[in-house]
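For reference, the structure discussed in these notes is given below.
Read-outs throughout are calculated quantities, based only on the coordinates presented, and are distinct from any laboratory measurement. What you are looking at is a predicted structure, and each value in this text was computed from that prediction instead of being measured. Using ideal geometry, Cβ is built from the backbone for each residue, glycine included, and neighbour counts are taken over all protein chains shown.
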Amino acid sequence: MTINSITTDIAAHVLVTEVKLKERWKYEPLVFAIPSSTHKWSETKIDIYPNPAHDVLNINVKAVGAESNLIAHIINTEGKIVSDTSIKNDSNSLDISALNSGVYTVKVLDQNQIVFVSKFIKIQ
């Protein structure tokens with residue numbers, strides 16, 4: 001396993017793991033730092049599963065030391081937001097049954113700052 005540290009900007013730092021599973025690479029964002037209103041950094045862990053997903057996409061949020069007022073955007077390959085949902089610091093289930101099959105991006109925002117980005121595959 002290789003761990004890379006990628007700095008996206010002053011507002012967020014991202015740790016990404018690369019895991020090779022049976023000749024396929026899987027990229028998983030692990031920890032994101034979110035600035036709080038007092039400009040102190042707090043750590044948040046966000047997981048999405050299953051991937052690929054059929055009817056439901058789960059977003060698990062574990063925020064440490066921060067109030068989470070998070071919004072999850074699901075974006076299609078054309079860049080259009082097809083779902084916009086408030087999520088909380090816990091397990092969240094999003095109904096994706098109405099989406100067409102394909103690759104989508106999930107962006108989680110806290111006060112209009114991106115704190116998590118990941119792709120998932122929607123299957124029928």
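Roughly how many nanometres apart are two label points built 7 Å out from the Cα toward the Cβ at Ser91 and Lys62?
Computed distance between label sites Ser91 and Lys62 equals 1.4 nm.
Run the simple label-point estimate for Lys107 and Ile121 please: 7 Å along Cα→C-beta, distance reported in nm.
2.4 nm
Give me a comma-separated list of calculated 3J(HN,Hα) values for segment 80-88, in order, Karplus coefficients 6.51, -1.76, 1.60 applied at θ = phi - 60°, integers in Hz, x for any Gly or Pro.
Result, rounded to whole Hz: 8, 6, 9, 8, 9, 9, 6, 10, 10.
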